[in-house]
Amino acid sequence: MIRLSAIMFFFLTFFACRQNELHHTNLLQENALNLEIVTPGIVNTVFPGKEKQAYMLWQNKSDNEKEVLFILECKDHQDKLQTFTDSLNFGSFEEKKWFFPEEIFKQKGIKWCTVLLESSGLKESMDFSLAYMEPVSNDYQSDFKFGIAGIRYETLEELDWMYKAAAQVGVQYERKFATWGQIQPDSNTWNWEPLDQQIALLKKHGIERQLLIHGTPGWAVSPKYPEGKNNAPPELSHWQRYVTALARRYQDDITYYEIWNEPDIGFYSGTTEEYLEMLKTASEAIRAVNNNLKILSGGFAQASPRQGYLEKRGDLHKIVVKEGQGFFDIHAFHRHGPFQVFKNSVEGPLNEIRNQLKSPRPLWFNETAMHSTTLGEKEQARILFQKMSFAMAREATGYNWFSLMNNAHHPVTSPEHNYGMIKANGSPKAVYLVYNQMVKQLYDKKYVKDLSPGEGFEGFLFKNEKDFLLTTWLQDDNLPGQVANFSVPDGCQVSISDLMGNEQHLKTINNEVMVPIDRAGIFLHFKNCTQEPILKVPLVNVATKLVADKNMMVSIPFEISEEGYKIGKIQLYEDEKLLRTVNPDELNEHGHINFQAGKDKSYFLIVFVPQYNVEHTFPLKITVPLLITDQINEKPEITISTHDREDGVV
């Protein structure tokens with residue numbers, strides 16, 4: 001079987017787009033059979049209203065008749081699986097379209113699909129995904145810089161495809177380096193064509209380069225570093241000449257110039273003093289060309305130095321911000337990883353570093369992300385939602401996700417392979433759709449304040465001229481979700497959108513609204529609101545981490561607020577079986593629900609708030625203490641713990 005290279009994939013996709021105004025992704029290219037995914041949008045994107053333009057294109061490439069049996073399995077973001085089985089009969093060299101069933105497009109979002117086919121001895125299983133969404137595109141105006149970093153390409157056709165894919169989900173800035181050795185292979189030769197071509201394609205797709213000036217060709221390395229490595233400091237006269245030439249040539253196209261990539265770790269081998277001299281020289285050169293151009297500090301990898309670098313050159317990041325702050329306009333910072341690590345770094349050591357600033361220098365998180373290798377696509381997408389929400393709430397000037405495409409040069413099992421928003425085969429990942437939603441929901445809004453629904457939750461309130469928006473989620477995995485209670489002004493319309501863009505309108509009664517919030521995260525819209533929404537006391541606190549006694553009896557404590565009368569009923573389930581239905585006024589005098597648990601069973605509560613058409617599920621975590629005896633037909637003896645519980649809120 002013939003497998004398409006990345007270059008061939010991009011060329012065929014790009015060519016098909018231009019010829020047919022539809023987008024083709026090759027799944028199978030056999031001597032006798034071809035299969036392509038055809039969609040109205042790039043990156044296997046299907047737009048609402050254009051579902052009938054999405055299909056599988058089968059091609060019999062032989063002069064023999066052929067029958068193809070296949071199964072299509074598609075799973076959505078909520079893990080709902082749909083299966084379709086069909087067969088196709090082909091005449092010689094016949095081509096057929098098989099349109100995706102409309103059931104696939106009931107909800108917006110990612111669709112992870114597998115095709116299993118059998119034909120004339122051929123058996124294949126092929127994975128792809130579809131993005132069912134409304135692309136935001138990048139023709140908007142915003143004070144926040146929505147960006148991407150780390151785009152790699154081999155041909156201009158590939159690069160054109162990538163920029164189009166980035167523009168579709170709202171990317172307006174690309175962080176990418178200029179290769180000094182390519183532009184200036186020796187001190188007397190200049191070759192601007194490759195960078196000129198990149199800038200021309202960026203302009204075509206409405207994206208601006210945030211130029212990273214990084215790396216030293218061997219001929220320009222400082223004499224102190226005779227080995228001539230790329231990460232060594234340059235000789236300053238060569239450096240000044242090169243930076244000046246960049247600024248002069250691109251001052252009308254590029255506003256932002258970053259001085260080196262992650263100089264606080266191994267991408268830079270010089271001393272702290274040498275970096276400060278590089279930063280000063282570059283800053284003066286760029287400002288001499290055009291004082292309206294903006295200079296970014298080196299994009300620092302971390303806020304706390306690694307021990308080896310600390311011993312070698314001190315805390316480079318902290319020293320540069322203190323002593324070099326006059327030579328940059330924007331403080332660039334990265335810190336890859338999950339949300340909590342990112343937040344702790346920003347609010348802890350990074351905040352300490354920034355306290356040295358004598359005048360404001362906005363942050364630009366211009367390369368930060370998380371891979372999907374071990375966490376999976378859903379968690380990677382959730383981390384983008386969290387980190388970008390937090391970045392905007394800390395009044396950063398921009399955020400660049402790393403990167404657009406998975407890196408096929410690394411094994412599939414490597415984290416370095418899986419940072420992208422698009423798979424190496426051209427299929428979208430869940431994070432691609434969430435990036436689209438982040439731009440759509442937040443491009444025109446300003447941060448107002450933190451508004452957390454409670455301990456263990458995160459919440460950030462934004463607004464534009466007439467609407468408020470809360471991005472919120474449960475951060476502590478040891479706690480349950482909750483139904484939050486908000487007070488809103490007259491005329492305010494409230495709805496929630498999930499991370500895939502599915503919106504649900506909520507009922508407002510007497511200027512109050514109940515909103516279920518859990519780990520998945522939501523965009524909470526307060527439309528046409530003249531005042532901020534007010535978060536009220538939860539209706540009820542529910543303990544969900546519990547311990548059974550020696551007789552396997554479990555007691556669930558409740559604390560009901562004065563407005564607890566709004567709760568209609570509480571249902572207790574064992575696995576999927578309803579055990580009990582309890583009205584709030586039926587709780588015993590201590591506010592508990594008591595029941596006997598079964599061994600190896602799972603339990604959950606559903607709390608109903610009928611006036612608001614809201615219900616919320618609370619999974620119960622029941623610990624069975626150490627069994628002393630477990631003989632047949634005997635009840636086990638159990639050691640009791642009375643303090644092992646954590647409270648959640650409704």
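The values are calculated or read from the model by the stated rules, or taken from the named source; none is laboratory data. Quick caveat, the model's predicted, so the values are computed rather than measured. Here Cβ is always computed from backbone atoms with ideal geometry, including for glycine, and neighbour counts include all displayed protein chains. Side chains are part of the model used for accessible areas, which takes the heavy atoms of the whole protein and leaves out ligands, DNA and RNA. Shrake-Rupley method; radii C 1.70, N 1.55, O 1.52, S 1.80 Å.
What whole-number distance in Å separates the alpha-carbon centres of region 465-536 and region 142-171?
Answer, in whole Å: 32.
What's the FRET efficiency of Leu122 with Glu21 using the Cβ-Cβ distance as r and R₀ = 25 Å, to the nearest 0.05?
About 0.20, to the nearest 0.05.
What is the percent carbon and sulfur in the accessible area of the chain, measuring with a 1.4 Å probe over the protein chains and ignoring ligands? Display every interim value, and only then the final one.
Values: 13310 of 28390 Å².
C and S atoms contribute 47 percent here.
Residues of region 145-166 with the amide nitrogen closer than 17 Å to a label point 7 Å from the Cα of His410, along Cα-to-Cβ, please.
Residues 149-153 qualify, since their backbone N sits under 17 Å from the label point.
Restricting to lysines 8 or more places apart or on different chains, can you count the pairs in region 384-476 with Cα atoms under 29 Å from each other?
22
Can you give the calculated 222 nm mean residue ellipticity of the chain, where each DSSP H run of n ≥ 4 adds -39,500 (n - 2.57) and the sum is split over every residue, rounded to the nearest 500 deg cm²/dmol?
Rounded to the nearest 500, the figure is -6000 deg cm²/dmol.
Report, please, the projected area of region 484-575 averaged over directions, based on the convex hull of its C-alpha atoms, in nm².
That works out to 8.1 nm², a quarter of the Cα hull's surface.
Sort out for me the Cα centre separation of region 341-374 from region 428-450, rounded to whole Å.
Region 341-374 and region 428-450 have Cα centres spaced 19 Å from each other.
For the pair Thr179 and Arg306, what calculated FRET efficiency results from E = 1/(1 + (r/R0)^6), where r is the Cβ-Cβ distance and R0 = 25 Å, to the nearest 0.05?
For R0 = 25 Å, the calculated efficiency reads 0.40.
Find the accessible area per residue for the chain; the probe is 1.4 Å, ligands and nucleic acids are left out, and the unit is Å².
44 Å²
Describe numerically, in nm with one decimal, the distance between label points set 7 Å from Cα along Cα→Cβ at Asn292 and at Asp253.
1.8 nm
For the chain, what is one quarter of the convex hull surface built on the Cα atoms, given in nm²?
One quarter of the hull surface, i.e. the mean projection, equals 36.4 nm².
Helix 156-168 against the longest principal axis of the chain: what's the angle in degrees, Cα atoms only, rounded to the nearest 10?
That works out to roughly 40 degrees.
Could you tell me how far the Cα centroid of region 596-623 sits from the Cα centroid of region 196-274, in Å?
When both Cα centres are located, 57 Å separates them.
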